[in-house]
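Structure, as C-alpha cells:
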Amino acid sequence: MSEAKRRIRYLFTGIVQGVGFRPFIYRVAIKHRLGGFVCNTPEGVTLEVEGPAARVEKFASEVLKSFPPAADVSSVSSSDVAVLGETDFRIVASEQEGRKKVLISPDIATCADCLREMKDPRDRRYRYPFINCTNCGPRLTIIRDVPYDRANTSMACFALCARCRAEYENPADRRFHAEPNACPVCGPGLWITDETGDPLPLGPSRDPVKKAVELLLAGHILAVKGLGGFHLAVDATNEEAVRNLRSRKYREEKPLAIMVKDIEAASRVARIGRAERELLLSPQRPIVLCRKRDTRIIAFSVAPGVPNQGIMLPYTPLHHLLLEKNVPALVMTSANQVDEPICIANREALSRLKGIADFYLFHNRDILVRCDDSVATVIGKVPVLMRRSRGWAPKPVTLKRSYPEVLALGPQLKATLCILKGGLAYLSPHIGDLETPEARDFHRESLRLMERIAECRPDVIACDLHPAYWTTRLAEELPHSEIIRVQHHHAHIVSAMAENGLSRKMIGLAMDGTGYGPDGTAWGGEVLVADEIDFLRAGHIRPYPLPGAEKAVKEPWRVAASLLRESFGEAWRDVAGKLPLGEREGHFDVLENMMAQGFNSPLTSSLGRVFDGVAAILGTRQAVSFEGQAAMELETLASGQTRKSYPYEIMQDGDKTVLDLRPLVRAIADDRIKGKDPAAIAAAFHKAIVRALVAMAAAVREQTGLGKAALSGGCFQNRVLLEGTVQELEKAGFEVYTHQMLPANDGCIALGQAVVAAAQLQARGTRTEDRG
C-alpha cells in the first residue's frame with residue numbers, strides 16, 4: 001500500500017528575497033524528491049511542496065532549522081492544501097499583485113566563494129570588481145521596488161550574457177536567481193578620470209584599479225564610487241596626504257576611518273578582541289572603533305587626540321582589489337562637504353567634490369539609495385551601534401506587539417526617520433545633521449524610500465517638541481490627520497524600552513547634550529519615570545546657564561565659566577583666571593553680564609555640557625570642531641583606574657530629585673589649580689558622575705518602587721560612563737536595559753517618537769471603546 005501524499009503551502013516573511021532563499025528551498029526539495037513550486041511574492045516567499053507525508057515532514061524539518069545565512073525570517077505560516085499529483089519541483093516567476101509585505105535586505109559584504117573566484121586567474125571573473133552571488137553583494141542600494149527582481153534594480157539595464165544567464169537559471173548554481181549577477185562581458189565596468197571627468201590613460205595594463213593604487217601611493221586624493229555612495233580615499237600612512245584631505249574637506253580634527261586588507265592588518269594597528277573581530281568580519285562590515293595599538297603605522301592626523309581608531313575591512317570586490325598588494329591602509333571617509341549627504345551619482349560627484357578630489361574612480365552601476373557606513377564599537381564585551389546604516393538598514397526593528405501606522409520624522413541631529421506599521425519599525429539609513437538644504441533634501445528622499453519599503457504612508461506624524469527644528473516644521477507641511485509632538489528625552493527612553501520589549505512604567509536615565517523641555521529650557525540630564533505613553537520628570541541636574549547659547553556648544557570654555565559661576569559665586573572670575581582656560585579673562589566680565597541679565601543664556605540641565613565644561617577646566621579643550629569632541633577627549637584622559645571620587649549633593653525640590661554638581665566643580669577646580677594630574681581628575685570625575693546617576697535612580701526608586709532602569713542618550717556612548725553606570729546600577733539591585741540594535745545617541749529618537757505616538761493613539765482608542 002503506497003504512503004499517503006501530502007501538500008503543504010508555506011508563506012515565509014522577512015528578509016527572504018535576494019538572499020538565495022528560493023534556490024535553498026529548491027535544493028532541499030530536490031534532495032527529498034518532492035514536487036511543487038516556490039516563488040517571490042509581494043508578501044514574501046510562497047512555497048507549495050508535495051509528496052509522501054514522511055518526506056514532506058523531513059523536508060520541513062530541514063528547511064526550518066537551516067535558513068540561508070543572509071536570510072532573516074520573521075514569520076512562517078503553513079497550511080495543508082489539496083494534493084495535485086505534482087512530482088517535479090520548480091521555481092516560478094514572481095507574482096506582482098497583492099499588498100507588498102516583503103522586507104528589503106541590507107547590502108552584504110563579498111562572500112568567501114566570490115573572493116576565491118575573483119583571485120583565480122583561471123576564472124572568468126578574475127579581478128572583476130562587481131562579482132557577487134546570492135550570498136553577497138548589493139541589495140538596498142540598487143533597488144527601485146519590490147519584489148527584489150533584476151527588473152526592479154539598477155542592474156535592469158545590463159542584459160545577462162549567455163553564460164551568466166545559464167548560471168542565473170541553473171538551480172544547482174550559486175548564482176541561481178542572483179539578481180545583480182554579472183561578468184566582464186555583460187556587467188558594469190570601471191574607469192578613472194581626472195578632476196574634470198576626462199578619462200586617464202591606463203598604459204599597457206588597461207587596469208583602472210592599478211592606476212588608482214598608483215595615484216593613492218603618490219599621495220593623491222581619490223573619489224571612489226562604492227556601494228552606497230562615494231568615499232574620499234587617501235593613503236592612511238601618508239601624513240601630508242591626510243592633512244591635505246582634512247584641509248580640502250574642512251574636517252579639522254574629527255577622526256577619520258581607515259580600511260585595511262584583513263583582520264591581521266587590523267590587529268597590527270589596534271587591539272582586536274573577540275567581539276571586535278566578529279564585528280569586523282560580519283556580513284555587515286561596519287566601521288569598528290578599536291583601541292589603537294601601533295601608532296607609528298597610521299598617520300597621526302587620521303585620528304588625533306582619541307584612543308580609538310575606526311577600522312573597517314573591505315566589503316566590496318573593488319575594495320579588495322584596491323588593498324590587495326602595496327597599500328597598507330586607506331582613509332575611507334564619506335565623500336561630501338560638511339553636513340551634506342554622501343555623493344552617489346557620477347556627475348554629482350564631479351560637481352560637489354570639485355576642489356577636494358584629484359581623481360575619480362567611477363563605475364556605471366547606478367546607486368539608487370544613499371547608504372553611509374555603519375559605525376559600531378564594543379562596550380563591556382557587547383557590540384554597540386553608534387550609527388545604523390549600511391548592513392543593517394532597512395531591516396526593521398521587531399516590536400513586541402502591533403501598533404497603528406505612524407510616521408516619525410526624527411531629531412535635528414544624527415537624523416533618521418521611522419515608519420511604524422504593525423509590529424515592525426522601519427528605520428531609514430543614517431541621514432545626519434539637518435543643517436543644510438542638501439541634508440534636508442536627503443531627508444525627504446529617505447522618506448519616499450521608506451514609504452515604498454513599508455508600503456505605507458501614515459497620516460499621523462510624530463515629531464519633536466522643539467518649535468524651531470526643521471522636522472517640526474516639515475510635519476506641518478506633510479499631509480496629516482494629526483501631529484503628535486514627543487519630548488526628546490521621553491523618545492530616548494521609549495526607544496530603549498521598545499528595543500527591549502518593554503512598555504510599562506520604569507525609570508529612565510536620559511543623558512545627552514540638549515533636548516527641548518516642555519518648560520522651554522534645554523534638558524539633558526534627566527531621570528524620568530516613563531512608560532510608552534507618557535512620562536514624569538522625576539529628577540534632573542541642577543540647571544545652569546549657557547552663555548552664548550549655541551556658541552557655548554562649540555566653545556566649552558563658556559560652559560566652564562557658567563559652572564564656575566554657579567559653584568564659586570562672585571569669586572568665580574578669580575578662580576577662572578587661575579585655570580587653563582586660555583586668554584579668556586577679557587571675556588569673563590562680558591559673560592558675567594550676560595548670565596546676570598539672562599541675556600542669550602538659556603538654562604540647561606545637560607550632562608553633556610557638564611562634560612564639555614570640565615574638559616575646559618582641565619585645559620583639555622576650549623573649543624570644538626565637531627560634536628562630542630571635548631567629551632571624547634575627557635573620556636580618553638579617564639581611561640586609568642582611580643579610587644578617588646568627587647562630592648555632589650542630592651536634593652529634593654518639591655516632587656523632583658535634583659543633582660547638585662557644584663561641590664564636584666569646586667573640588668575639580670581646586671585640584672586643577674593645585675596642579676593635580678588631569679588624567680586622575682578626569683577618572684575621579686567619571687566615577688563621581690556614575691555614583692551620582694545611581695544615587696538619583698535609587699532616590700526615584702525609593703519614591704516609586706520601580707526597579708527597572710533604561711539608559712539612553714549620547715553620553716552613554718562614553719565607554720567609561722556606560723560600563724560604570726550599568727555595573728553600579730546592577731549592584732544596587734536594578735534591572736538595567738540599554739540599546740542593542742540602535743545607537744544611544746539621537747539615531748534612536750525616531751523609533752521612540754513613533755512608539756510614543758502610536759501608543760497614545762491606541763490608548764485613546766481604548767478609552768473611546770470603554771466609553772462606548
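The values are calculated or read from the model by the stated rules, or taken from the named source; none is laboratory data. Small disclaimer: the values here were computed from a predicted structure and weren't measured. Here the Cβ is made from the backbone with ideal geometry for all residues, glycine too, and neighbour counts use every protein chain on show. Heads up: the accessible areas ignore ligands, DNA and RNA and are worked out on the full protein's heavy atoms, side chains in. Shrake-Rupley method; radii C 1.70, N 1.55, O 1.52, S 1.80 Å.
Filtering the range 703-761 to residues that are open to solvent by 10 Å² or more (accessible area, probe 1.4 Å), under 22 Å from Glu635 (Cβ atoms) and among the β-branched types (Val, Ile, Thr) leaves Val720, Val726, Val736, Thr738.
Taken residue by residue, the range 121-136 has at least one member that is open to solvent by 60 Å² or more (accessible area, probe 1.4 Å), modelled with pLDDT of 95 or more and within 35 Å of the chain's Cα centre (by Cα).
For the range 201-246, filtered to residues that are at pLDDT below 95 and not charged (D, E, K, R), the residue that is farthest from Tyr360 (Cα to Cα) is Pro204. Scanning the range 626-642 turns up no residue that is without any contact (Cβ under 8 Å) to a residue 12 or more places away in the chain and open to solvent by 10 Å² or more (accessible area, probe 1.4 Å).
The selection criterion, being within 30 Å of Lys395 (Cβ to Cβ) and surrounded by fewer than 19 Cβ atoms within 10 Å (Cβ to Cβ), does not hold for Glu214. Evaluate the following for Arg246: is it in contact with a helix residue (DSSP H, G or I) (Cβ under 9 Å, 6 or more places away or on another chain) and within 30 Å of Thr153 (Cβ to Cβ)? No. For the range 456-485, filtering for residues that are in a helix (DSSP H, G or I) and either aromatic (Phe, Trp, Tyr) or touching a helix residue (DSSP H, G or I) at 6+ places or on another chain (Cβ under 7 Å) (or both) leaves 1. Residue pairs whose Cβ atoms lie under 6 Å apart, separated by 6 or more positions or on different chains, with the first residue in the range 190-209 and under 13 Å from Arg127 (Cα atoms) and the second open to solvent by 50 Å² or more (accessible area, probe 1.4 Å), are Pro208/Trp191. For Cys290, the conditions (1) in contact with a Pro (Cβ under 9 Å, 6 or more places away or on another chain); (2) crowded, with 22+ Cβ neighbours inside 10 Å; (3) of a type in the set (A, V, I, L, M, F, W, C); (4) farther than 25 Å from Asn132 by Cβ are fulfilled apart from (1). Looking at (1) open to solvent by 10 Å² or more (accessible area, probe 1.4 Å); (2) in contact (Cβ under 8 Å) with a residue 12 or more places away in the chain, which is the only condition Ala462 fails? The failed condition is (1).
Within the range 40-70, which residues are open to solvent by 20 Å² or more (accessible area, probe 1.4 Å), out of contact with any Lys or Arg (no Cβ under 9 Å at 6 or more places or on another chain) and either within 19 Å of Asp107 (Cα to Cα) or assigned to a loop (DSSP other than H, G, I, E, B) (or both)? Ser66, Phe67, Pro69 - these are the residues of the range 40-70 that are open to solvent by 20 Å² or more (accessible area, probe 1.4 Å), out of contact with any Lys or Arg (no Cβ under 9 Å at 6 or more places or on another chain) and either within 19 Å of Asp107 (Cα to Cα) or assigned to a loop (DSSP other than H, G, I, E, B) (or both). Would you be able to say whether some residue in the range 380-400 is outside any strand (DSSP E or B), over 14 Å from the mean Cα position of the chain (by Cα) and within 27 Å of Val726 (Cα to Cα)? For the range 380-400, residues outside any strand (DSSP E or B), over 14 Å from the mean Cα position of the chain (by Cα) and within 27 Å of Val726 (Cα to Cα): present. Taken over the range 575-588, residues that are touching a helix residue (DSSP H, G or I) at 6+ places or on another chain (Cβ under 6 Å) and not in a helix (DSSP H, G or I) amount to 4.
In the set (1) out of contact with any His (no Cβ under 7 Å at 6 or more places or on another chain); (2) more than 19 Å from Phe158 (Cβ to Cβ); (3) among the aliphatic types (A, V, I, L, M), Ile143 fails one condition alone, (2). May I ask you to list pairs of residues, at least six apart or on different chains, whose Cβ atoms are under 9 Å apart, with the first in the range 63-75 being within 17 Å of Trp392 (Cβ to Cβ) and the second being basic (Lys, Arg)? Hits for this filter: Ala70/Arg139; Asp72/Lys395. Counting the residues of the range 21-32 that are surrounded by fewer than 23 Cβ atoms within 10 Å (Cβ to Cβ), in contact (Cβ under 8 Å) with a residue 40 or more places away in the chain and charged (D, E, K, R) gives 1.
Here is a check on your reading of the model: is Val49 more than 26 Å from Ala454 (Cβ to Cβ) and either in contact with a strand residue (DSSP E or B) (Cβ under 6 Å, 6 or more places away or on another chain) or aliphatic (A, V, I, L, M) (or both)? It is true that Val49 is more than 26 Å from Ala454 (Cβ to Cβ) and either in contact with a strand residue (DSSP E or B) (Cβ under 6 Å, 6 or more places away or on another chain) or aliphatic (A, V, I, L, M) (or both). Filtering the range 356-382 to residues that are modelled with pLDDT under 95 and surrounded by fewer than 19 Cβ atoms within 10 Å (Cβ to Cβ) leaves Gly380, Lys381, Val382. Among the residues of the range 671-687, just one is more than 15 Å from Ala615 (Cβ to Cβ) and crowded, with 20+ Cβ neighbours inside 10 Å, namely Lys687. Ser79 passes every criterion in (1) touching a Pro at 6+ places or on another chain (Cβ under 8 Å); (2) exposed (fewer than 13 other Cβ atoms within 10 Å of the Cβ) apart from (1).
Per this entry, Ala468 is not counted among residues that are touching a strand residue (DSSP E or B) at 6+ places or on another chain (Cβ under 9 Å), among the hydrophobic types (A, V, I, L, M, F, W, C) and buried (at least 18 other Cβ atoms within 10 Å of the Cβ).
The single residue among Thr46, Thr87, Thr13, Thr41 that is on the phi < 0 side of the Ramachandran plot, over 41 Å from the mean Cα position of the chain (by Cα) and among the polar types (S, T, N, Q) turns out to be Thr87.
With respect to (1) assigned to a strand (DSSP E or B); (2) buried (at least 22 other Cβ atoms within 10 Å of the Cβ), the lone exception for Gly18 is condition (1). Any residue that is touching a residue at least 40 places away in the same chain (Cβ under 8 Å), within 30 Å of Leu321 (Cβ to Cβ) and hydrophobic (A, V, I, L, M, F, W, C) - is there at least one of those in the range 82-100? No, the range 82-100 contains no residue that is touching a residue at least 40 places away in the same chain (Cβ under 8 Å), within 30 Å of Leu321 (Cβ to Cβ) and hydrophobic (A, V, I, L, M, F, W, C). Candidates Ile431, Ile419: the one that is surrounded by 20 or more Cβ atoms within 10 Å (Cβ to Cβ), in contact (Cβ under 8 Å) with a residue 24 or more places away in the chain and within 21 Å of Ser74 (Cβ to Cβ) is Ile419. Of the helices (runs of 4 or more DSSP H) lying entirely inside the range 486-574, those containing at least 3 residues that are open to solvent by 10 Å² or more (accessible area, probe 1.4 Å) span 550-554, 556-568.
For Leu407, are the conditions met, namely being modelled with pLDDT of 95 or more, part of a loop (DSSP other than H, G, I, E, B), within 21 Å of the chain's Cα centre (by Cα) and under 30 Å from Pro479 (Cβ atoms)? Answer is no for this residue. Say we look at the range 633-661 and pick out the residues that are part of a loop (DSSP other than H, G, I, E, B) and over 22 Å from Ile541 (Cα atoms); which of these is farthest from the chain's Cα centre (by Cα)? Only one residue fits best here, namely Arg643.
May I ask you to say which residue of Asp207, Asp107, Asp198, Asp194 is surrounded by 19 or more Cβ atoms within 10 Å (Cβ to Cβ) and closer than 25 Å to Leu350 by Cβ?
Asp107
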